Each structure stands twice: as structure tokens, then as C-alpha cells.
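Quick notes on the structure that follows.
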Amino acid sequence: MNEEGLKTVLRMLEELANDISVPRNIRRGAKEAKEILMKKEDTLDVKVASAISRLDELLSDPNIPTHGRTAIWNIMSALESLTAS
């Protein structure tokens, strides 16, 4: 398991969750994705798939600013690389 990569993703999600320039529902979704990734009982593949699914739902929000959308894409990309290695 790529422990360092997971820590990086968790940090990115924390930054998004604390970014007051993005809508509250986006921040809440970032916190939910972080909680999914921190579950001990699920395998990494399941956690990554669930977190990506949650983040993908956030991208449909028309009110998300460009930098927020870019942050979500970057997080999703980092998550996908966790399961690829």
C-alpha cells in the first residue's frame, strides 16, 4: 500500500475541506471523501473507488469555482495512481 501517496491525498482533501472560497457542500464532500479513505475495515481499492465516486458527484455542482474543480481533478488523479501502483 502506498502510505505516502495516501497521506498526500488526505492532505489535499483537508486543504479543500478548509478552503472557504468553495461552497460548503464541496467542503463537506471533501471531508466525507477523507473519512471514507480513513476507514480501517475496507480495502484500499474499495476506499479509493468510493472516494472517487463521492468526488465525481461534487464535480456536477455548477457553483464550484475553477480552482476547486481543478483541486478535485488533481485529488482524483492522485487516488487513481494509488491503485495503479
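The values are calculated or read from the model by the stated rules, or taken from the named source; none is laboratory data. As the structure is a prediction and not an experimental result, all values here were calculated from the model. Here the Cβ positions follow ideal geometry from the backbone for every residue, glycine too, while neighbour counts run over all protein chains shown.
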(request) Can you confirm whether region 44-59 contains a residue that is at pLDDT below 95 and of a type in the set (S, T, Y)? (result) no
(request) Determine which single condition L79 fails, assuming it passes every other condition in (1) crowded, with 17+ Cβ neighbours inside 10 Å; (2) without any contact (Cβ under 8 Å) to a residue 60 or more places away in the chain; (3) within 19 Å of T8 (Cβ to Cβ). (result) (2)
(message) Taking the condition of being among the acidic types (D, E), more than 16 Å from T83 (Cα to Cα) and not in a helix (DSSP H, G or I), how many residues in region 28-59 meet it?
(response) 1
(message) Looking only at residues that are in a helix (DSSP H, G or I) and not charged (D, E, K, R) in region 60-73, which one is surrounded by the fewest Cβ atoms within 10 Å (Cβ to Cβ)?
(response) T66
(request) Evaluate the following for N18: is it surrounded by fewer than 15 Cβ atoms within 10 Å (Cβ to Cβ), modelled with pLDDT of 95 or more and over 9 Å from the mean Cα position of the chain (by Cα)? (result) yes
